[in-house]
Amino acid sequence: MKSATATIDLSALVYNFNAIKQMAPKSKILAVLKANAYGHGLERIAKALPQADAFGVARIDEALALRAGGVVKPLVLLEGFFTGDDLAVLAVNNLQTIVHNEQQLQAIEKAKLDRPLKVWLKIDTGMHRLGIYPEQFNAFYQRLKQCPNVQNDIVIMSHLGCADDRTSATTEQQLAVFEALSSTLAEEKSMANSAGILAWPNSHYHWIRPGLMLYGISPLLPNDASVSPVKPVMTLQASLIAIKAIRANETVGYGGNWQSTSDTTLGIIAIGYGDGYPRHAPNGTPVLLNGRRVPLVGRVSMDMITVDLGPAPKDQVGDVATLWGKELTVAEIATYATTIPYELLCNISRRVQTQYALP
(Lines give C-alpha, C1' and ligand atoms only; values in the text may rest on other atoms or scores of the structure.)
Protein backbone atom coordinates (compact mmCIF):
# COMPACT_ATOMS: atom_id res chain seq x y z
CA MET A 1 0.00 0.00 0.00
CA LYS A 2 1.19 3.52 -0.83
CA SER A 3 0.24 6.30 1.55
CA ALA A 4 -0.12 9.75 0.02
CA THR A 5 3.25 10.40 -1.64
CA ALA A 6 4.67 13.29 -3.63
CA THR A 7 7.45 12.15 -5.94
CA ILE A 8 9.76 14.96 -7.02
CA ASP A 9 11.51 14.40 -10.33
CA LEU A 10 14.79 16.29 -10.02
CA SER A 11 15.67 15.48 -13.65
CA ALA A 12 12.56 17.39 -14.73
CA LEU A 13 13.56 20.26 -12.44
CA VAL A 14 17.00 20.53 -14.05
CA TYR A 15 15.43 20.22 -17.51
CA ASN A 16 13.10 23.12 -16.70
CA PHE A 17 15.98 25.25 -15.40
CA ASN A 18 17.93 24.67 -18.61
CA ALA A 19 14.88 25.44 -20.75
CA ILE A 20 14.39 28.71 -18.88
CA LYS A 21 18.07 29.57 -19.33
CA GLN A 22 17.73 29.07 -23.09
CA MET A 23 14.83 31.54 -23.15
CA ALA A 24 16.91 34.24 -21.46
CA PRO A 25 20.54 33.30 -22.15
CA LYS A 26 21.95 36.70 -21.23
CA SER A 27 20.16 36.92 -17.87
CA LYS A 28 21.16 35.61 -14.48
CA ILE A 29 18.63 33.37 -12.74
CA LEU A 30 17.18 33.94 -9.31
CA ALA A 31 15.30 30.67 -8.68
CA VAL A 32 12.26 31.27 -6.47
CA LEU A 33 12.01 28.79 -3.59
CA LYS A 34 9.40 30.43 -1.37
CA ALA A 35 6.63 28.39 0.32
CA ASN A 36 8.84 25.30 0.69
CA ALA A 37 9.83 25.58 -2.98
CA TYR A 38 6.16 25.57 -3.97
CA GLY A 39 5.65 22.42 -1.94
CA HIS A 40 8.61 20.57 -3.46
CA GLY A 41 11.06 20.79 -0.54
CA LEU A 42 13.11 23.90 0.14
CA GLU A 43 16.58 22.50 0.79
CA ARG A 44 16.43 19.61 -1.69
CA ILE A 45 15.36 21.88 -4.53
CA ALA A 46 18.09 24.41 -3.71
CA LYS A 47 20.76 21.72 -3.69
CA ALA A 48 19.47 20.31 -6.98
CA LEU A 49 20.03 23.68 -8.69
CA PRO A 50 23.72 24.56 -8.26
CA GLN A 51 23.49 26.32 -11.64
CA ALA A 52 21.27 29.06 -10.18
CA ASP A 53 22.89 32.43 -9.62
CA ALA A 54 20.76 33.12 -6.54
CA PHE A 55 17.66 31.92 -4.71
CA GLY A 56 14.60 33.94 -3.76
CA VAL A 57 12.59 33.29 -0.61
CA ALA A 58 9.72 35.20 0.96
CA ARG A 59 10.82 35.35 4.58
CA ILE A 60 13.85 35.25 6.78
CA ASP A 61 13.11 31.84 8.31
CA GLU A 62 13.23 30.27 4.84
CA ALA A 63 16.61 31.88 4.21
CA LEU A 64 17.99 30.73 7.56
CA ALA A 65 16.79 27.17 6.89
CA LEU A 66 18.76 27.19 3.65
CA ARG A 67 21.86 28.54 5.37
CA ALA A 68 21.51 25.90 8.12
CA GLY A 69 21.25 23.26 5.38
CA GLY A 70 24.57 24.34 3.91
CA VAL A 71 23.33 26.47 1.01
CA VAL A 72 25.87 29.25 0.38
CA LYS A 73 24.37 30.80 -2.75
CA PRO A 74 23.11 34.40 -2.59
CA LEU A 75 19.66 34.52 -0.98
CA VAL A 76 17.20 37.35 -1.60
CA LEU A 77 14.30 38.16 0.75
CA LEU A 78 11.50 38.91 -1.71
CA GLU A 79 9.32 40.59 0.93
CA GLY A 80 12.29 42.32 2.49
CA PHE A 81 12.86 42.39 6.23
CA PHE A 82 10.04 43.12 8.69
CA THR A 83 11.79 44.91 11.58
CA GLY A 84 15.06 46.71 12.15
CA ASP A 85 16.13 43.89 14.48
CA ASP A 86 16.37 41.63 11.42
CA LEU A 87 19.18 43.63 9.87
CA ALA A 88 21.98 42.20 12.02
CA VAL A 89 20.76 38.70 11.09
CA LEU A 90 20.82 39.62 7.42
CA ALA A 91 24.37 40.95 7.68
CA VAL A 92 25.71 37.94 9.60
CA ASN A 93 24.10 35.43 7.22
CA ASN A 94 24.89 37.36 4.04
CA LEU A 95 21.24 37.73 3.07
CA GLN A 96 20.14 40.21 0.44
CA THR A 97 16.97 42.22 0.92
CA ILE A 98 14.40 44.02 -1.14
CA VAL A 99 13.58 47.53 0.03
CA HIS A 100 10.04 48.60 -0.80
CA ASN A 101 9.05 51.28 1.75
CA GLU A 102 10.27 54.23 3.80
CA GLN A 103 10.34 52.33 7.08
CA GLN A 104 12.82 49.79 5.70
CA LEU A 105 15.03 52.51 4.27
CA GLN A 106 15.10 54.40 7.56
CA ALA A 107 15.92 51.22 9.48
CA ILE A 108 18.90 50.55 7.20
CA GLU A 109 20.11 54.14 7.52
CA LYS A 110 19.98 53.99 11.33
CA ALA A 111 21.42 50.49 11.78
CA LYS A 112 24.90 49.72 13.06
CA LEU A 113 26.14 46.86 10.91
CA ASP A 114 29.48 45.10 10.61
CA ARG A 115 29.11 44.87 6.85
CA PRO A 116 26.95 46.59 4.23
CA LEU A 117 23.88 44.87 2.80
CA LYS A 118 23.11 43.99 -0.80
CA VAL A 119 19.82 45.75 -1.61
CA TRP A 120 17.23 45.31 -4.35
CA LEU A 121 15.12 48.47 -4.70
CA LYS A 122 11.54 47.62 -5.69
CA ILE A 123 9.39 50.03 -7.67
CA ASP A 124 5.62 49.79 -7.89
CA THR A 125 5.18 50.19 -11.65
CA GLY A 126 1.46 49.42 -11.59
CA MET A 127 0.74 46.22 -9.67
CA HIS A 128 0.06 48.26 -6.51
CA ARG A 129 1.29 45.69 -4.03
CA LEU A 130 4.84 46.14 -2.74
CA GLY A 131 7.16 48.84 -4.01
CA ILE A 132 7.89 52.53 -3.80
CA TYR A 133 5.96 54.95 -6.01
CA PRO A 134 7.73 56.02 -9.21
CA GLU A 135 7.93 59.59 -7.96
CA GLN A 136 9.85 58.34 -4.89
CA PHE A 137 12.46 56.50 -6.91
CA ASN A 138 15.15 59.15 -7.33
CA ALA A 139 15.16 60.05 -3.63
CA PHE A 140 15.25 56.41 -2.51
CA TYR A 141 17.97 55.55 -5.00
CA GLN A 142 20.18 58.45 -3.93
CA ARG A 143 19.73 57.70 -0.23
CA LEU A 144 20.66 54.04 -0.76
CA LYS A 145 23.72 55.00 -2.80
CA GLN A 146 24.87 57.34 -0.03
CA CYS A 147 24.20 54.94 2.84
CA PRO A 148 27.31 53.20 4.24
CA ASN A 149 25.14 50.21 5.24
CA VAL A 150 24.33 49.49 1.58
CA GLN A 151 26.60 47.94 -1.01
CA ASN A 152 27.11 50.16 -4.01
CA ASP A 153 25.75 47.68 -6.56
CA ILE A 154 22.00 48.06 -6.05
CA VAL A 155 19.58 45.98 -8.15
CA ILE A 156 16.53 47.85 -9.42
CA MET A 157 13.41 45.71 -9.75
CA SER A 158 9.66 45.60 -10.17
CA HIS A 159 7.01 42.88 -10.48
CA LEU A 160 4.63 42.19 -13.35
CA GLY A 161 0.98 41.93 -12.40
CA CYS A 162 -0.64 40.72 -15.65
CA ALA A 163 2.17 39.04 -17.58
CA ASP A 164 0.18 35.79 -17.79
CA ASP A 165 -2.21 37.55 -20.21
CA ARG A 166 -0.57 38.38 -23.54
CA THR A 167 -3.58 40.50 -24.53
CA SER A 168 -3.31 42.84 -21.54
CA ALA A 169 -1.79 46.29 -22.06
CA THR A 170 -0.69 46.42 -18.42
CA THR A 171 2.68 44.75 -18.94
CA GLU A 172 3.83 47.20 -21.61
CA GLN A 173 2.67 50.06 -19.39
CA GLN A 174 4.67 48.69 -16.46
CA LEU A 175 7.75 48.22 -18.63
CA ALA A 176 7.48 51.79 -19.90
CA VAL A 177 7.42 53.14 -16.34
CA PHE A 178 10.37 50.94 -15.38
CA GLU A 179 12.37 52.03 -18.43
CA ALA A 180 11.71 55.70 -17.83
CA LEU A 181 13.12 55.45 -14.31
CA SER A 182 16.03 53.08 -14.79
CA SER A 183 17.28 53.20 -18.39
CA THR A 184 20.07 55.72 -17.75
CA LEU A 185 21.42 53.89 -14.70
CA ALA A 186 24.21 51.33 -14.80
CA GLU A 187 22.63 49.18 -12.08
CA GLU A 188 21.46 45.62 -12.74
CA LYS A 189 17.71 45.32 -13.25
CA SER A 190 15.04 42.66 -12.74
CA MET A 191 11.45 42.49 -13.90
CA ALA A 192 10.52 39.07 -15.31
CA ASN A 193 8.66 36.44 -13.32
CA SER A 194 7.79 33.11 -14.97
CA ALA A 195 5.15 34.63 -17.25
CA GLY A 196 7.46 37.48 -18.15
CA ILE A 197 10.21 35.04 -19.09
CA LEU A 198 7.90 33.12 -21.41
CA ALA A 199 5.74 35.87 -22.91
CA TRP A 200 7.63 39.17 -22.62
CA PRO A 201 11.29 38.92 -23.70
CA ASN A 202 11.77 42.68 -23.27
CA SER A 203 11.29 42.17 -19.52
CA HIS A 204 14.30 39.86 -19.10
CA TYR A 205 16.97 42.45 -18.20
CA HIS A 206 19.93 41.29 -16.06
CA TRP A 207 18.01 39.01 -13.69
CA ILE A 208 14.99 36.77 -14.26
CA ARG A 209 12.98 35.27 -11.39
CA PRO A 210 11.36 31.95 -12.39
CA GLY A 211 9.00 30.37 -9.89
CA LEU A 212 6.09 28.29 -11.19
CA MET A 213 7.89 27.41 -14.43
CA LEU A 214 10.72 25.76 -12.52
CA TYR A 215 8.23 23.23 -11.21
CA GLY A 216 6.82 22.43 -14.62
CA ILE A 217 3.61 24.45 -14.83
CA SER A 218 2.82 27.00 -17.51
CA PRO A 219 2.49 30.49 -16.01
CA LEU A 220 0.17 31.69 -18.77
CA LEU A 221 -3.61 31.81 -18.67
CA PRO A 222 -5.30 28.44 -19.30
CA ASN A 223 -6.75 29.62 -22.61
CA ASP A 224 -3.30 30.55 -23.97
CA ALA A 225 -2.46 28.07 -26.72
CA SER A 226 1.30 28.42 -26.31
CA VAL A 227 3.24 25.28 -25.52
CA SER A 228 5.25 25.77 -22.35
CA PRO A 229 8.64 24.03 -22.68
CA VAL A 230 8.70 22.61 -19.15
CA LYS A 231 7.93 19.27 -17.52
CA PRO A 232 5.91 18.64 -14.33
CA VAL A 233 8.21 17.99 -11.37
CA MET A 234 5.71 16.67 -8.81
CA THR A 235 3.60 13.53 -9.07
CA LEU A 236 1.05 13.08 -6.27
CA GLN A 237 -0.15 9.51 -5.70
CA ALA A 238 -2.02 7.36 -3.19
CA SER A 239 -3.35 3.80 -2.95
CA LEU A 240 -6.75 2.35 -3.61
CA ILE A 241 -7.69 0.97 -0.19
CA ALA A 242 -11.22 -0.36 -0.77
CA ILE A 243 -13.54 -1.39 -3.60
CA LYS A 244 -17.29 -1.76 -3.14
CA ALA A 245 -20.34 -2.22 -5.30
CA ILE A 246 -23.37 0.05 -4.99
CA ARG A 247 -26.79 -0.03 -6.64
CA ALA A 248 -28.50 2.55 -8.77
CA ASN A 249 -29.79 5.59 -6.86
CA GLU A 250 -27.50 5.07 -3.86
CA THR A 251 -25.46 8.03 -2.64
CA VAL A 252 -21.84 8.47 -1.61
CA GLY A 253 -20.06 10.33 1.17
CA TYR A 254 -20.94 13.26 3.40
CA GLY A 255 -24.19 14.95 2.47
CA GLY A 256 -24.92 12.35 -0.22
CA ASN A 257 -24.26 14.95 -2.91
CA TRP A 258 -23.61 12.34 -5.60
CA GLN A 259 -26.09 9.63 -6.53
CA SER A 260 -25.39 6.75 -8.88
CA THR A 261 -27.61 6.46 -11.95
CA SER A 262 -26.89 2.73 -12.35
CA ASP A 263 -25.23 -0.16 -10.58
CA THR A 264 -21.51 0.61 -10.34
CA THR A 265 -18.35 0.06 -8.33
CA LEU A 266 -16.64 2.60 -6.14
CA GLY A 267 -12.96 2.91 -5.29
CA ILE A 268 -11.75 4.55 -2.09
CA ILE A 269 -8.35 6.25 -2.34
CA ALA A 270 -6.30 7.17 0.73
CA ILE A 271 -5.90 10.90 0.18
CA GLY A 272 -7.99 13.90 1.17
CA TYR A 273 -7.95 17.53 2.11
CA GLY A 274 -5.80 16.67 5.14
CA ASP A 275 -3.08 15.86 2.61
CA GLY A 276 -3.68 18.93 0.50
CA TYR A 277 -6.06 17.53 -2.10
CA PRO A 278 -8.57 20.31 -2.83
CA ARG A 279 -11.64 20.13 -0.59
CA HIS A 280 -13.86 21.69 -3.23
CA ALA A 281 -12.90 19.44 -6.15
CA PRO A 282 -16.30 18.65 -7.70
CA ASN A 283 -17.86 15.46 -8.93
CA GLY A 284 -16.17 14.47 -12.18
CA THR A 285 -12.68 15.67 -11.28
CA PRO A 286 -10.39 13.12 -12.97
CA VAL A 287 -8.10 10.69 -11.18
CA LEU A 288 -5.66 8.50 -13.11
CA LEU A 289 -5.87 4.81 -12.23
CA ASN A 290 -4.37 1.92 -14.21
CA GLY A 291 -4.00 4.03 -17.32
CA ARG A 292 -7.50 5.46 -17.43
CA ARG A 293 -9.29 8.45 -15.98
CA VAL A 294 -11.94 7.77 -13.39
CA PRO A 295 -14.22 10.49 -11.99
CA LEU A 296 -14.28 11.73 -8.42
CA VAL A 297 -17.72 11.19 -6.83
CA GLY A 298 -18.99 12.57 -3.54
CA ARG A 299 -17.34 15.08 -1.28
CA VAL A 300 -13.62 15.05 -0.61
CA SER A 301 -13.05 13.87 2.98
CA MET A 302 -10.09 14.66 5.22
CA ASP A 303 -8.36 11.35 4.51
CA MET A 304 -10.16 9.80 1.52
CA ILE A 305 -11.72 10.42 -1.84
CA THR A 306 -14.11 8.19 -3.77
CA VAL A 307 -14.04 7.48 -7.50
CA ASP A 308 -16.45 5.68 -9.80
CA LEU A 309 -14.65 2.65 -11.24
CA GLY A 310 -17.54 1.57 -13.44
CA PRO A 311 -19.66 -1.62 -13.36
CA ALA A 312 -16.95 -4.24 -13.96
CA PRO A 313 -13.54 -2.87 -13.02
CA LYS A 314 -10.31 -4.84 -13.03
CA ASP A 315 -8.75 -2.59 -10.41
CA GLN A 316 -7.54 -4.13 -7.16
CA VAL A 317 -6.97 -2.91 -3.64
CA GLY A 318 -3.39 -1.69 -3.49
CA ASP A 319 -3.36 -0.19 -6.98
CA VAL A 320 -1.81 3.27 -7.07
CA ALA A 321 -3.81 6.26 -8.24
CA THR A 322 -2.27 9.48 -9.56
CA LEU A 323 -3.92 12.69 -8.43
CA TRP A 324 -1.68 14.87 -10.59
CA GLY A 325 1.58 14.52 -12.48
CA LYS A 326 2.83 14.17 -16.04
CA GLU A 327 -0.29 12.59 -17.55
CA LEU A 328 -2.79 14.54 -15.45
CA THR A 329 -1.54 18.02 -14.74
CA VAL A 330 -2.00 19.96 -11.54
CA ALA A 331 -3.24 22.83 -13.71
CA GLU A 332 -6.14 20.69 -14.91
CA ILE A 333 -7.07 19.69 -11.36
CA ALA A 334 -6.84 23.33 -10.29
CA THR A 335 -9.30 24.27 -13.03
CA TYR A 336 -11.80 21.68 -11.79
CA ALA A 337 -11.37 22.95 -8.22
CA THR A 338 -11.70 26.62 -9.32
CA THR A 339 -8.28 27.52 -7.95
CA ILE A 340 -4.71 27.85 -9.27
CA PRO A 341 -1.80 25.38 -9.40
CA TYR A 342 0.19 27.50 -6.92
CA GLU A 343 -2.37 26.84 -4.18
CA LEU A 344 -2.53 23.08 -4.75
CA LEU A 345 1.25 22.69 -4.71
CA CYS A 346 1.73 24.88 -1.64
CA ASN A 347 -1.05 23.08 0.25
CA ILE A 348 0.69 19.70 0.28
CA SER A 349 0.68 18.82 3.98
CA ARG A 350 3.44 17.47 6.18
CA ARG A 351 1.91 14.02 6.40
CA VAL A 352 2.40 13.46 2.67
CA GLN A 353 5.58 11.49 2.17
CA THR A 354 8.06 13.15 -0.18
CA GLN A 355 10.48 11.10 -2.22
CA TYR A 356 13.03 12.36 -4.72
CA ALA A 357 13.87 10.79 -8.06
CA LEU A 358 17.51 11.73 -8.66
CA PRO A 359 18.78 13.08 -12.01
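The values are calculated or read from the model by the stated rules, or taken from the named source; none is laboratory data. None of these values were measured; they are calculated from a predicted model. In this analysis, Cβ positions are derived from the backbone assuming ideal geometry, glycine residues included, and neighbour counts consider all displayed protein chains. These area figures cover heavy atoms from the full protein model, side chains too; ligands, DNA and RNA do not enter into them. Shrake-Rupley method; radii C 1.70, N 1.55, O 1.52, S 1.80 Å.
A compact table of results
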| quantity | calculated |
| --- | --- |
| Förster radius 25 Å - calculated FRET efficiency between THR338 and THR251 (Cβ-Cβ, nearest 0.05) | 0.60 |
| Per residue accessible area in Å² of the chain, where ligands, DNA and RNA are left out and the probe is 1.4 Å | 45 |
| Semi-axis lengths, Å, region 204-292, gyration tensor of Cα atoms, sqrt of 5 times eigenvalues | 37, 15, 13 |
| Under 11 Å, Cβ to Cβ, from LEU78 - net charge with Lys/Arg +1 and Asp/Glu -1 | +2 |
| Check: region 245-359 dipole with +1 on Lys, Arg Cβ and -1 on Asp, Glu Cβ, in debye | 120 |
| Rounded to the nearest 20 debye, dipole of the chain from Cβ charges on Lys, Arg, Asp, Glu | 640 |
| Between helix 10-23 and the chain: long-axis angle, C-alpha atoms, 0 to 90°, nearest 10 | 50 |
| Viscosity 1.567 mPa s, 4 °C: Kirkwood-radius Stokes-Einstein D of the chain over Cα pairs, µm²/s | 58 |
| Cβ charges +1 (Lys, Arg) and -1 (Asp, Glu), total dipole of region 183-279, debye | 120 |
| Residue order for HIS159, HIS128 - accessible surface, 1.4 angstrom probe, largest first | HIS128, HIS159 |
| P(r) weight above 18 Å for region 11-159, C-alpha pairs, percent | 58 |
| Surface/4 estimate of mean projected area, convex hull on alpha-carbon atoms of region 1-91, nm² | 7.5 |
| Candidate aspartates and glutamates - alpha carbon under 14 Å from LYS2, same-chain residues fewer than 8 apart omitted | ASP275, ASP303, ASP319 |
| Cβ-based charge dipole, region 81-162, positive-most Cα from LEU105, ALA91, MET157 | ALA91 |
| Relative contact order computed over the chain (Cα-Cα under 8 Å; 6+ residues apart), in percent | 20 |
| Partner aspartates and glutamates for LYS73 [C-alpha distance under 13 Å; skip if fewer than 8 residues away on the same chain] | GLU43, ASP53 |
| Listed residue (PHE55, VAL72, LEU42) projecting farthest to the positive dipole end of the chain, Cβ model | VAL72 |
| Residue-averaged [θ]222 nm for the chain, counting only DSSP H segments that reach four residues, each worth -39500 (n - 2.57) | -7000 deg cm²/dmol |
| Coil-residue trypsin sites (Lys or Arg not before Pro) of region 1-74, DSSP, other Cβ within 10 Å capped at 14 | LYS26 |
| Carbon + sulfur, % of accessible area of region 135-210 - ligands and nucleic acids excluded, 1.4 Å | 51 |
| Farthest positive-ward along region 220-359 dipole, Cα basis, beta-carbon charges - from VAL230, TYR277, THR354 | THR354 |
| Above-threshold pairs, the threshold being 21 Å between Cα atoms, out of LYS26/LYS231; LYS118/LYS189; LYS110/LYS145; LYS118/LYS145; LYS244/LYS326 | LYS26/LYS231; LYS244/LYS326 |
